[in-house]
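Reading through the structure tokens given below for one structure.
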Amino acid sequence: SAAEKGGYEYFMLKEIVEQPRAVADTLLGRVGVEGTLTLDEMRLSAHDLRDISKIVIIACGTSYHAGLIAKYSIEHWCRIPCEVEVASEFRYRDPILDRQTLVIAISQSGESMDTLMAVRYAREQRARVLAICNVNGSTIPRESDGVLYTHAGPEVGVAATKTFLTQLIACYLVGLYLAQVRNQKFGDEINAVIEQLAKMPEQVQQVLDTVEPVRTLARSLKDAKTVLFLGRHVGYPVAMEGALKLKELAYMHAEAFAAGELKHGSIALIEDGVPVVIVVPSREGRGVLHDKILSNIQEIRARGARTIVIAEKGDDAVRPFADELIEIPAVPTLLQPLVSTVPMQVFACELALAKGNDVDQPRNLAKSVTVE
Ligand code: AGP
């Protein structure tokens, strides 16, 4: 009913605007005084977590993209090797797991069969399994050793939006907590990130407040044959998420590339007028990446691409190469996906609506995939 949708025509539209609150709720009660994280609810003891020598993240679809982003932060903060794999491939390759392996299973619904089967396999191999999940008491957390719930509230639209942002928050919390219990040498950086996290609901709100031009842009691309997405570092999984959203909602061909990989073949796809969405890394701490992507943008623009650039407010260096500029707040690199994903969601949603598609119930898709 209209009331359930909070006055919006689609749940997806409502769920996109709920993101600042979802992010705040997922942080609530977990960040204590002076930046100490309290995650005892995970049921994994600090003692267990100190022993871990490897992390393996398994998930599907959008949850897999959250896992890819988690890898960057966990490896950087904790110095623990971290692999990420789509759940449907995991158990079929004879993966190496033992008691010192922490498997993190990310699933919004807690019911994805591929992820559940991977969890069962991991536990048979004696790995410890931590679930990151949005649905209380669902199967995956019940079958895991521990769980950290995301507090996004129920998500009805088939496309994951607010649950993705809260999965990112949960992953950051796990990474920061692991770093704390393992006394990593980045103490100051960890504390600074924890402070930054608290500001993220506000930053996500800022994106929502300024996102209107993205809708106009999306409508203008309704008849495009394809949209390409480029990113580097954590911007690469964000690009993958942008492409997935467009495929599932607008039924359009979309593909994401690591910006540096383009020249190894895919740049041949660029011709006059092809829209390319580029996620520009934060300037903070990753100056090299920022400059590298600038030359990637120049390369594709010289070959006719219509460049749609998502960059930090005040990043004047990108302006001359952006046919369309979407500004997001400046936040630390590892947290940028929380703000850079939002325009992608709005873009895909609006483009799909312009095509007359039902964004809550896209064709051929179910909210949770309970078959392998
Ligand atoms: C996201 O927009 C998709 N509907 C889909 O990729 C989803 O993320 C995937 O099926 C995983 O679901 P889960 O998180 O409930 O396990």
Within segment 342-367, take every residue that is within 18 Å of the chain's Cα centre (by Cα) and either more than 23 Å from E327 (Cβ to Cβ) or among the hydrophobic types (A, V, I, L, M, F, W, C) (or both) and give me the one that is nearest to the ligand (Cβ to nearest atom).
K367
Please tell me if L97 is at pLDDT 95 or above, within 16 Å of the ligand (Cβ to nearest atom) and either within 30 Å of T333 (Cβ to Cβ) or of a type outside the set (G, A, S) (or both).
no
When you scan segment 213-234, do you find a residue that is under 16 Å from the mean Cα position of the chain (by Cα) and within 16 Å of the ligand (Cβ to nearest atom), even just one?
yes
Filter segment 100-129 for residues that are farther than 19 Å from L44 by Cα and among the polar types (S, T, N, Q); which is farthest from the ligand (Cβ to nearest atom)?
T115
Out of (1) surrounded by 24 or more Cβ atoms within 10 Å (Cβ to Cβ); (2) in contact with a helix residue (DSSP H, G or I) (Cβ under 6 Å, 6 or more places away or on another chain); (3) among the hydrophobic types (A, V, I, L, M, F, W, C), what's the single condition that is false for V181?
(1)
Considering only segment 104-205, give the helices (runs of 4 or more DSSP H) lying wholly within it that have at least 2 residues that are modelled with pLDDT of 95 or more and under 23 Å from A239 (Cα atoms).
162-181
Would you pick out the residues in segment 99-152 that are under 15 Å from K54 (Cβ atoms) and out of contact with any helix residue (DSSP H, G or I) (no Cβ under 6 Å at 6 or more places or on another chain)?
R99, Q100, T101, L102, I104, A122, Q125, R126, A127, R128, L130
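Say whether the condition of being among the basic types (K, R) and without any contact (Cβ under 8 Å) to a residue 24 or more places away in the chain is met by at least one residue in segment 298-307. Reasoning before the result, please.
The initial filter retains those residues of segment 298-307 that are among the basic types (K, R), namely 301, 303, 306.
Narrowing further to those that are without any contact (Cβ under 8 Å) to a residue 24 or more places away in the chain: 301.
Yes; the residues of segment 298-307 include at least one that is among the basic types (K, R) and without any contact (Cβ under 8 Å) to a residue 24 or more places away in the chain.
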Does A239 qualify as being in contact with a Phe, Trp or Tyr (Cβ under 7 Å, 6 or more places away or on another chain), under 30 Å from E324 (Cα atoms) and surrounded by 23 or more Cβ atoms within 10 Å (Cβ to Cβ)?
yes
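Among the residues of segment 84-99, write down those that are β-branched (V, I, T) and over 20 Å from I69 (Cβ atoms). I'd like the intermediate steps shown before the answer.
First, the residues of segment 84-99 that are β-branched (V, I, T): 84, 86, 96.
I96 - this is the single residue of segment 84-99 that is β-branched (V, I, T) and over 20 Å from I69 (Cβ atoms).
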Checked segment 156-175 for anything more than 11 Å from the ligand (Cβ to nearest atom) and touching a Phe, Trp or Tyr at 6+ places or on another chain (Cβ under 6 Å); matches are V156, G175
Could you tell me whether any residue of segment 133-155 is of a type in the set (A, V, I, L, M), within 16 Å of the ligand (Cβ to nearest atom) and more than 30 Å from M344 (Cα to Cα)?
no
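The values are calculated or read from the model by the stated rules, or taken from the named source; none is laboratory data. Keep in mind that this is a model prediction, so the values were computed, not measured. A quick note on method: Cβ atoms are made from the backbone with ideal geometry, for glycine too, and the neighbour counts reach across all protein chains shown.
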